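To keep things clear, I will list the structure first and then write my remarks on it.
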Amino acid sequence: MLEVAGIGRDYRVDGEVHTAIDALTFQVAEGELVCVVGPSGCGKTTLLRMCAGLLAPTRGAALVDGREVDGPPEDTAVVFQEYGRSLFPWMRVGANVELPLKRLGLTRAQRRERVAEALRLVDLEGKERVWPWQLSGGMQQRVAIARAIAFRPRLLLMDEPFAAVDAQTRADLEDLIRDLWARLGITVVFITHDIDESVYLGQRVLVLSSPPTTLRAEVHIGLGPERDQLETRSSPAFAKLRGQVWAEIQAAKRGET
Amino acid sequence: MRRQLAHASMSALAIAMVAATAACGGDESDDGGVDTVSVGVIPIVDVAPVYLGIEQGFFEARDIEVELTEAQGGAAIVPGVAAQEFDFGFSNITSLLLAQSSGLPVEIVANGVASTGVEGEDFGAVMVPADSPIQTAADLATATVAVNTLNNIGDTTIRESVRLDGGDPSDIGFTEVAFPDMPAQLSAGNVDAAWAVEPFKSMIEAEGGRPVAWNYVDAAPDLTVAAYFTTSQLSQEDPDLVERFSEAIAESLQYATDNPDAVRDILGTYTDINPDIRAALTLPAFPAEVNRDSVERLAELGEADGIFENPPDVDALLP
Amino acid sequence: MIVLVRKALLVLGLPSVLFALWWFASAGSTSFYFPPLSEIVAEFGETWTAERWREDVLPSVARLGAGYAASCAAGVALGLLIGRVRWLFHATEPVLEFARAVPPPVLVPVIMLFAGIGDGMKVAVIISGCLWPILLNTVAGVRSVDPVQLDTAAAYRLGRFRTLTAIVLPGASPRIVTGMRQALAIGVILMVISEMFAAQSGLGFAIVQFQRSYAIPAMWSGILLLGCLGAALAAVFACVDRAVLHWYHRQRTEEA
């Protein structure tokens, strides 16, 4: 579904070239939920933007469905960290969720139905007429997620979506994502700095190194499809996997290869 | 919203207060027997005698020190005199009749400037571009004519010119254009004709324009065009000063009449008129006395055109 | 209901007090240029007849409307373009700042040269002053649209047109409306100034002519009318503002 082939990104600062991402290569199969973690500043957001077609790579490429990404790909939705700034305050919730659907050639009734369904799935049923700024942070992020799934993408890219949200809300939203993923069969690439979250959510966790960034490790999460905030997180298997990821990140920070 | 309304009301009041002239005290400091007077003038050909008079010491000889203030036009001078910002001012007769008829207590103290009275050789005329179909005054009946001030000496005398030439003046489209803008507007074709006084008349002629009506000549023989004036208050409080001032002006007028080259020279000191135009322009006449008949004639013309709210009292205005 | 009455009292309170003060302070005035307010008010009805409204006031307001509307249309259109195209912005910015700094009254003789002395010239004068606040505020508004919103639009491939209409324009609208408000105030002033040169009719023209012919109470009545006109326009603008930007005002009060 998504293939990242030797992608790299350099920046020019005061005439000097800094390599943020050296070369990354990995694949995400259709229907997978993959998490990407790494030390601060390793370029997670840069990677996501290149996959989303919002930033051009310096070398290598990202391919969605075999086609090189050279602008935002079709059937791809993005959920940003800053939910407050990604929703449009001059539109009500319903209009916000509906906006990306407008170019899909659907009738108004079809759009409305998708919006209602998406809001129901994120537990915001009936809130079409509410203004985004009347909602709490967690609910606003749900609206952004609703907007993404109403679009019925095949690939969902999420850039640290729960970093700005409180712990309890974060837990609810994590479960929401797993639920939606299980139901709708979307391919999800989830960027986070939270190690626990990455293990809890993903089927695989990709660990990035420090800049110039490469793929350090790939941890296979064999925790099974049914996960629970309390039970799964307190299981020994979880602790072991978390330890593995944590160790990789510490090594990455120390600059070990 | 309430803020905006309150703000707008305050602004309106502020504008209103600024728009009216501030009343300042007059300045007649008595400096060991010498009276300092402020005189409001327009920097045009007409006031050359005052500059000459100062230069030749006619005022000094009568213990008067003159402070000249240049204003844009009569509209600024009359209020200035009424508010005692100026002791004396210079303004055209029709403006003074207007002021007097509106209740402003103004009095003429000395003659200012007069028409030469000679058709074809006056310092003001109605000009048209070289290729204009307008040939005589009667042709102006359906034209747009630029004058420097509406409902004033320009349009009332031009209507008389048209009448005398057998035309009907009731449909002339008078438009207010400042004298300096007239050459450009005339050549751009935005107006069909323009009433211009020197030096603008010569400037238009230099571009090929020609005169079609001599309105100052047509209005009355030897028309007094403008005069120096003051308030009744000053003439009652200090008749001696007023008399000395008038005498100095009379002497200056005589000097100007006898020395036309001096007039052209002194023009160069207070205006930007270039030397060629200065040498070529037609000078007005500077008689020592106001022509009372012509003042009455202007009052009649003004009343016929309905510019006065009340009929002016010519005797109250004249010295 | 009580709220409305209170609001009305607040809005009309200060002007009424000032009016009353003016009335009593000027009551016995013999000054030529500051006649009693009672005289001005009496003059008001006589001066501003139906004919004057038709021949002076309405044409002036119409010219103001035309100039203002043209400035809004051109200002927003150009502002959108310049704001969105980066190199265009950098190329035009110094020129725009220069142009906005020139006071329109200074330009009137120049405008008269190529626009003549008719209605076109007056509308041109109004545009020469109203365009800049709208244009520059639109550019600023467009440039300050949240990049996350633009990223969202790009990621969902909304397309240039929809991005412009659904995101850039609404996002910039608070700034644009600010520019339009500034331009309205400027427009009223220029409406009067444009009629001080080479005019044959108009509200500003009438006021100036009254002054020139020493009809001072009539002049003051004209000034009063002008002030009321400005206030009325501001009130209309405020209503439009509330309608267009209700989301903005509510967001700011509810968030804070």
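The values are calculated or read from the model by the stated rules, or taken from the named source; none is laboratory data. Given the structure is predicted, the values throughout are model-derived calculations rather than measurements. So basically every Cβ, Gly included, is an ideal-geometry build from the backbone, and we count neighbours across all protein chains shown. Just so you know, the surface numbers come from the protein's heavy atoms only, side chains and all, with ligands and any DNA or RNA stripped out. Shrake-Rupley method; radii C 1.70, N 1.55, O 1.52, S 1.80 Å.
General observations
- Qualifying position, being surrounded by fewer than 22 Cβ atoms within 10 Å (Cβ to Cβ) and at pLDDT 90 or above, among C:LEU226, C:LEU203, C:LEU233: C:LEU233
- Against the list (1) open to solvent by less than 10 Å² (accessible area, probe 1.4 Å); (2) in contact with a helix residue (DSSP H, G or I) (Cβ under 6 Å, 6 or more places away or on another chain); (3) more than 14 Å from chain C (Cβ to nearest Cβ); (4) assigned to a strand (DSSP E or B), the condition B:ASN111 fails is (2).
- Hits in region A:146-165 (condition: assigned to a loop (DSSP other than H, G, I, E, B) and surrounded by fewer than 24 Cβ atoms within 10 Å (Cβ to Cβ)): A:PHE151, A:ARG152, A:PRO153, A:ARG154, A:GLU160, A:ALA163, A:ALA164, A:VAL165
- Of the criteria (1) within 11 Å of another protein chain (Cβ to nearest Cβ); (2) buried (at least 24 other Cβ atoms within 10 Å of the Cβ), which one B:ALA178 fails: (2)
- Of all residues in region B:216-231, those being under 30 Å from B:PHE86 (Cα atoms) and open to solvent by 20 Å² or more (accessible area, probe 1.4 Å) number 1.
- The condition (being open to solvent by 40 Å² or more (accessible area, probe 1.4 Å) and under 17 Å from the mean Cα position of the chain (by Cα)) is satisfied by just one residue among A:GLN81, A:GLN110: A:GLN81.
- Scanning region C:26-52 for residues that are within 12 Å of chain B (Cβ to nearest Cβ) and surrounded by fewer than 13 Cβ atoms within 10 Å (Cβ to Cβ) gives C:THR30, C:GLU46.
- Candidate set from region A:86-105 (those that are assigned to a helix (DSSP H, G or I) and open to solvent by 50 Å² or more (accessible area, probe 1.4 Å)); member that is nearest to A:GLN140 (Cα to Cα): A:LYS102
- Hits in region A:149-166 (condition: under 19 Å from A:GLY202 (Cα atoms), of a type in the set (A, V, I, L, M) and within 12 Å of chain C (Cβ to nearest Cβ)): A:LEU155, A:LEU156, A:LEU157, A:MET158
- The set of residues in region B:134-175 being of a type in the set (S, T, N, Q), more than 14 Å from chain C (Cβ to nearest Cβ) and part of a helix (DSSP H, G or I) consists of B:THR142, B:THR157, B:SER161, B:SER170.
- Taken as a whole, the condition of being away from every other protein chain (no Cβ under 14 Å), in contact with a helix residue (DSSP H, G or I) (Cβ under 7 Å, 6 or more places away or on another chain) and in a helix (DSSP H, G or I) does not apply to C:ALA62.
- Inside region A:182-196, residues that are surrounded by fewer than 21 Cβ atoms within 10 Å (Cβ to Cβ) and not in a loop (DSSP other than H, G, I, E, B) make up a count of 5.
- Within region A:216-250, the set of residues being part of a strand (DSSP E or B) and surrounded by fewer than 18 Cβ atoms within 10 Å (Cβ to Cβ) comprises A:ALA217, A:GLU218, A:HIS220.
- In region C:201-228, the residues that are aliphatic (A, V, I, L, M), part of a helix (DSSP H, G or I) and at the interface with chain B (Cβ under 10 Å from one of its Cβ atoms): C:ILE207, C:VAL208, C:ILE216, C:ALA218, C:MET219, C:ILE223, C:LEU224, C:LEU225, C:LEU226
- Residues of region A:1-49 classified as open to solvent by 50 Å² or more (accessible area, probe 1.4 Å) and within 20 Å of A:GLU197 (Cβ to Cβ), total: 3
- Only one of the numbered conditions (1) closer than 30 Å to B:PRO239 by Cα; (2) buried (at least 21 other Cβ atoms within 10 Å of the Cβ); (3) not polar (S, T, N, Q) is not met by B:PRO105, and that is (2).
- Residues of region B:278-296 that are open to solvent by 80 Å² or more (accessible area, probe 1.4 Å) and part of a loop (DSSP other than H, G, I, E, B): B:GLU289 alone.
- Region C:93-122 - residue that is open to solvent by less than 30 Å² (accessible area, probe 1.4 Å) and in a helix (DSSP H, G or I) and, of those, nearest to the other protein chains (Cβ to nearest Cβ): C:MET112
- Of all the listed residues (C:ALA238, C:ALA231, C:ALA185, C:ALA198), the sole one being touching a residue at least 24 places away in the same chain (Cβ under 8 Å), in a helix (DSSP H, G or I) and within 10 Å of chain B (Cβ to nearest Cβ) is C:ALA185.
- Contacts under 9 angstrom Cβ, first residue in region A:1-13 being assigned to a loop (DSSP other than H, G, I, E, B), partner among the β-branched types (Val, Ile, Thr), 6 or more apart: A:MET1/A:VAL28; A:MET1/A:VAL64; A:MET1/A:THR187
- Residue in region A:188-201 that is over 30 Å from A:LEU101 (Cβ atoms) and either more than 17 Å from the chain's Cα centre (by Cα) or among the aromatic types (Phe, Trp, Tyr) (or both) present: yes
- Extreme residue, nearest to A:LEU99 (Cα to Cα), among residues of region C:157-172 that are open to solvent by less than 20 Å² (accessible area, probe 1.4 Å) and out of contact with any Ser or Thr (no Cβ under 9 Å at 6 or more places or on another chain): C:ALA166
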